[in-house]
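Novice: Structure provided below as structure tokens; questions to follow.
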Amino acid sequence: MEVGYARVSTQEQNLDLQLDALNKAGVKKIFTDKVSGAKSQKPQLEELLKYARKGDTIVVWRLDRLGRTTVQLIQFVEELQKLGISLKSLTEPIDTSTATGTLVVQIFCVLAEHERNVLRERTRAGLNSARIRGRTGGRPKGLSPKYEKIKDLVKNAYESKGSTTAEIMQAFKIPSRGTLYRILETAGVEVTSFVKRK
């Protein structure tokens, strides 16, 4: 049995083009979603998977209706293969019930794996290059411009000992004690001179 699936990204978009193509192909049972391809939850696609049985074929107008990325698509195809369900696209040469269609999907898998490997290699090369130049990544050192402007005021308030650290943090909108101590250190207060104050 052939079971259709159609999806558009928003409520405003129209399913007619996909539904017409699926009906013309003779697909009687069709599930539809109006949800972004980026979202992992597609309620009607999940219902379709519960409905379909071993030997059935899921028919879509185009493969991108199933997922936005090649990785998502490959994961979906692998899931279907485990269930004994085929996949067919009306606008692309994909039909996993045939040897040629299966070959095309396998080529997609190889290309996706190659893409992941290239990305990993580029990331490693970039990190190595940065290390050679003395950069280790992570958050840049120093204060943000906002705290750079007030560091001397914070230092004066802290050294006057007229306010608690909590009061200083509240007055200057400093989110954490660690940030406060970083501001003080940048302003010239010795770390060893920090005293715990409630």
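The values are calculated or read from the model by the stated rules, or taken from the named source; none is laboratory data. These numbers were taken from a predicted model, which means no experiment stands behind them. As a convention, Cβ positions derive from the backbone with ideal geometry for all residues, glycine included, and neighbour counts pool all protein chains shown.
Novice: Before we move on, is residue 87 in contact with a Ser or Thr (Cβ under 8 Å, 6 or more places away or on another chain), crowded, with 17+ Cβ neighbours inside 10 Å and either assigned by TED's automatic domain parsing to the domain that holds residue 13 or modelled with pLDDT under 85 (or both)? Reasoning before the result, please.
Specialist: Working: in contact with a Ser or Thr (Cβ under 8 Å, 6 or more places away or on another chain): yes; crowded, with 17+ Cβ neighbours inside 10 Å: yes; either assigned by TED's automatic domain parsing to the domain that holds residue 13 or modelled with pLDDT under 85 (or both): yes.
For residue 87, the condition - in contact with a Ser or Thr (Cβ under 8 Å, 6 or more places away or on another chain), crowded, with 17+ Cβ neighbours inside 10 Å and either assigned by TED's automatic domain parsing to the domain that holds residue 13 or modelled with pLDDT under 85 (or both) - is met.
Novice: Answer yes if at least one residue in the range 13-26 is over 20 Å from residue 91 (Cβ atoms) and in contact (Cβ under 8 Å) with a residue 24 or more places away in the chain, and no otherwise. Spell out how you get there, then give the answer.
Specialist: From the range 13-26, those over 20 Å from residue 91 (Cβ atoms) are none; that's our starting set.
Checking the range 13-26: not a single residue is over 20 Å from residue 91 (Cβ atoms) and in contact (Cβ under 8 Å) with a residue 24 or more places away in the chain.
Novice: Something else: Which fully enclosed helices (runs of 4 or more DSSP H) of the range 12-115 have 1 or more residues being of a type in the set (Ser, Thr, Tyr)? Show your work before the answer.
Specialist: Values: elements: 16-24, 43-51, 70-83.
In the range 12-115, the matching helices (runs of 4 or more DSSP H) lie at 43-51, 70-83.
Novice: Can you find, within the range 26-71, the residue that is modelled with the lowest pLDDT among those that are polar (S, T, N, Q) and surrounded by fewer than 15 Cβ atoms within 10 Å (Cβ to Cβ)?
Specialist: Looking at residues that are polar (S, T, N, Q) and surrounded by fewer than 15 Cβ atoms within 10 Å (Cβ to Cβ), I get 40.
Novice: Does any residue of the range 130-142 turn out to be part of a helix (DSSP H, G or I) and charged (D, E, K, R)?
Specialist: Here is the first cut: in the range 130-142, the residues part of a helix (DSSP H, G or I) are 130-132.
Now narrow it down to the ones that are charged (D, E, K, R): 131.
Yes.
Novice: Using the structure shown, decide if residue 158 is assigned to a helix (DSSP H, G or I), touching a Leu at 6+ places or on another chain (Cβ under 7 Å), aromatic (Phe, Trp, Tyr) and buried (at least 17 other Cβ atoms within 10 Å of the Cβ). Before the answer, list the steps.
Specialist: Values: assigned to a helix (DSSP H, G or I): yes; touching a Leu at 6+ places or on another chain (Cβ under 7 Å): yes; aromatic (Phe, Trp, Tyr): yes; buried (at least 17 other Cβ atoms within 10 Å of the Cβ): yes.
Judged against the criteria, residue 158 is a match.
Novice: When you check residue 126 against the structure, is it assigned to a helix (DSSP H, G or I), at pLDDT below 85 and either assigned by TED's automatic domain parsing to the domain that holds residue 16 or surrounded by 11 or more Cβ atoms within 10 Å (Cβ to Cβ) (or both), yes or no?
Specialist: Working: assigned to a helix (DSSP H, G or I): yes; at pLDDT below 85: yes; either assigned by TED's automatic domain parsing to the domain that holds residue 16 or surrounded by 11 or more Cβ atoms within 10 Å (Cβ to Cβ) (or both): yes.
Spelling it out, residue 126 is indeed assigned to a helix (DSSP H, G or I), at pLDDT below 85 and either assigned by TED's automatic domain parsing to the domain that holds residue 16 or surrounded by 11 or more Cβ atoms within 10 Å (Cβ to Cβ) (or both).
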